[in-house]
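These notes concern the structure reproduced below.
Just so it is clear, none of the values below were taken in a lab; they were calculated from the coordinates. What you see is a predicted model; the values in this text were computed from it and never measured. Neighbour counts run over all protein chains shown; Cβ positions are idealised from the backbone, glycine included.
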Amino acid sequence: MLNRNMAEAARKALSKPAPYGPDVDLSKYDILNPRRIEPTEILEQERVRDASGRLGFTPEIVRKAGYVQVNEAYLASALVESLRKQGVVVMSTAEALRKLDIAREVAWTLIRPDTDKYVAATYLYGKEQGYFIYVPPGVKVRTPIYTCLLITRGMTAQLLHNIIYVADGAEANVVTGCSIAGLHAEALHIGVSEFFVGKGAKLTFAMIHAWSKGAVVRPRTAVKVAEGGRYVSYYMIYSAVHSLQSYPKVTLGRNASTSLYSIISGEGEGVYDVGSSATLAGPGSSAEIISRNLAKDKSRVVARAEIVGESGPSKGHIECMGLILSDTAYISTVPLLDSRNPEATLTHEAAIGKIGEDQLTYLMSKGFSEEEARALIIRGFLSVEAPDLPPQVKLSVDRVTELISSKGHG
Amino acid sequence: MGSEVLRVEDADIYVAGKRILRKVDLSVGAGELHIVMGPNASGKTTLLSAIAGVEPYEVRSGKVMLAGEDITNYPLHERVEKGLVLAYQNPPSFKGVKVSEILKWLRRKFDLDPSFTESLAEILDIHKLLGRDLFSGMSGGERKRLETYLTLSIMPKVALLDEPDSGVDLDSVGRILEAIKLALKHGVSVVLVTHSTHMLNLVRPLTNTAHLIFKGRLIFSGLYDEVVPLVIKRGFEGAAKALGRWS
């Protein structure tokens, strides 16, 4: 049931472009009449295996995933039952909004439906597809909760609204993979995600994207971290894409902290406009934003990062590195430090370059072929120390890093 | 002299189109240690780099033979596969590339002898460097010990060591010397460029052969005792004059 005022505002925003990234004509996609398909046996489909395999997710991971969305169909797994014993809820957002007060209380509070045309379309036509995850106070879920958002049909518009609520003192690790079957498929993916991290709680969120040359991707993410809470995000994209634009925003309360990592590997003629923003709203809060950006072929990568120092003492650091692998690729880093408090200490470092000839030659002097040397250097460049990542999640990340470095010949 | 393993024959050596060394002849037998000396910028690194096949150093005329095979036109990494490896004087730093990762790769690629590499690692005190980024933030001693390890661990036919003792504390020099001894014992031939009197004295029991490069020429190849004491006493130019190779 849509809120009348929000719906009205959203309708007015249907033509409102985002401030960043290329504008998209949403009428190309079937956003008004999404077709429903039956989920029966869908996980056995070859195209699903193709899409999930490209994420570094094994069939085993997909079978056990807490939430799988294929086009418009949603499947839950046996894992959901075992999580339920701890009071953890994993269900579709639509179902959560029907059944749970907490879902109704928090939905659409961090991201306004009239933010831009993509959020507006999701609010109006998305039918609240997407996942809702709730972790009760004090419950620490060690096993990563995998969620898969897959597209297997061309011209599909996947409009999702995801909510994660980690209550006070709780902990959770969520891994979301978004992918498409077929390297040329055209599709639209919009994921509106609202995450709530309670007092002293911790959420580690890893997201891996593997799209296609025709994919238009517009994730919209906002995170609120309460006092003493911690939010860690690890985002990777390593495929071709038509265009991707995303600028997640994290707001930190007193003594809350965040580490936001992004690994962008641009290829083809794709536009990758990806950023992270953190607002140090509470005293004692801290944020680090670390990105590694690769660009080859004719790809264009814009790496944005912003830290706003509203209160102090607080600390923020941005580290933004780019590696250009071809003469026709482009990388731009846009770090922004915005201090409104003299007790906020904000720093940034940024560098863009190519693979050093001296490094290549050195490795070849130890027996590496040029191809092997390049792969090793790229893997090193992408290796970001992220101590919060659980070992199982690190395995998925390592698999993808390996894939990126093995095809990183500019 | 053991059977000849490396031969440089009548080689003119160029860097970026400019001739740096002319008419170089050099012959190294199996399991031998050869010392190469010369003043700064005389062409020592150029000689080693050209033999190893590092660009932009090139042998334009003449030949480089390894165990009887002409490798003059082989690319760098193929020379390594054939058993010719260069230890850099100043290896570059790598962020994010772990030492352990390189060692794992070397083990896979070259089917390393575990007892040799283990002894070598112990001598050069490598274990504590395994989790570090390759050469990143390492001290002079750590860099040189690691570079020596990476070069010798594959047990090449010929190891070209470019000043492994420069900028290194005495303890590390001692470790590097022990590593060279172990390699020689296993039949590795070593061509060692050094400036230091300390190293020259330490290696004396291990070798009879030294070479002197001066003003773009290899002006002396012969007995250690004929040239090293002369260089220590009179300097490079004095030694060249005394040897009648410079007027």
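Structure data summary
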item: Which listed residue, of A:Glu349, A:Glu372, is part of a strand (DSSP E or B) and either aliphatic (A, V, I, L, M) or within 14 Å of chain B (Cβ to nearest Cβ) (or both); result: A:Glu349
item: Tally, over region A:100-126, of residues that are outside any helix (DSSP H, G or I) and in contact (Cβ under 8 Å) with a residue 60 or more places away in the chain; result: 11
item: Verdict on B:Leu230 being surrounded by 15 or more Cβ atoms within 10 Å (Cβ to Cβ), in contact with a helix residue (DSSP H, G or I) (Cβ under 8 Å, 6 or more places away or on another chain) and within 14 Å of chain A (Cβ to nearest Cβ); result: no
item: The listed residue being β-branched (Val, Ile, Thr), under 24 Å from A:Ala240 (Cα atoms) and within 13 Å of chain B (Cβ to nearest Cβ), out of A:Ile324, A:Ile377; result: A:Ile377
item: Region A:127-161, residues that are closer than 29 Å to A:Lys28 by Cβ, touching a residue at least 60 places away in the same chain (Cβ under 8 Å) and either in a loop (DSSP other than H, G, I, E, B) or of a type in the set (Val, Ile, Thr) (or both); result: A:Lys127, A:Gln129, A:Gly130, A:Thr147, A:Ile151, A:Thr152, A:Arg153, A:Gly154, A:Met155, A:Thr156
item: Selected residue [within 14 Å of chain A (Cβ to nearest Cβ) and loosely packed, with under 15 Cβ neighbours inside 10 Å] from B:Ala50, B:Ala87, B:Ala16; result: B:Ala16
item: Options B:Ser100, B:Ser119, B:Ser49: the member that is in contact (Cβ under 8 Å) with a residue 24 or more places away in the chain, under 18 Å from B:Ile213 (Cβ atoms) and assigned to a helix (DSSP H, G or I); result: B:Ser49
item: Top-ranked residue in region A:123-182 [being closer than 16 Å to A:Val197 by Cβ and among the aromatic types (Phe, Trp, Tyr); ranked as surrounded by the most Cβ atoms within 10 Å (Cβ to Cβ)]; result: A:Phe132
item: Unmet requirement for A:Ile318, which otherwise passes all of (1) under 21 Å from A:Leu203 (Cα atoms); (2) part of a strand (DSSP E or B); (3) in contact with a Gly (Cβ under 9 Å, 6 or more places away or on another chain); result: (3)
item: Matching residues in region A:352-369 - criterion: being of a type in the set (Lys, Arg) and either closer than 27 Å to A:Ile289 by Cβ or more than 7 Å from chain B (Cβ to nearest Cβ) (or both); result: A:Lys354
item: Count of region B:118-136 residues which are within 14 Å of another protein chain (Cβ to nearest Cβ) and closer than 22 Å to B:Gln89 by Cα; result: 5
item: Subset of region A:376-391 (residues that are touching a residue at least 40 places away in the same chain (Cβ under 8 Å), over 15 Å from A:Ile290 (Cα atoms) and more than 18 Å from the chain's Cα centre (by Cα)); result: A:Ile378
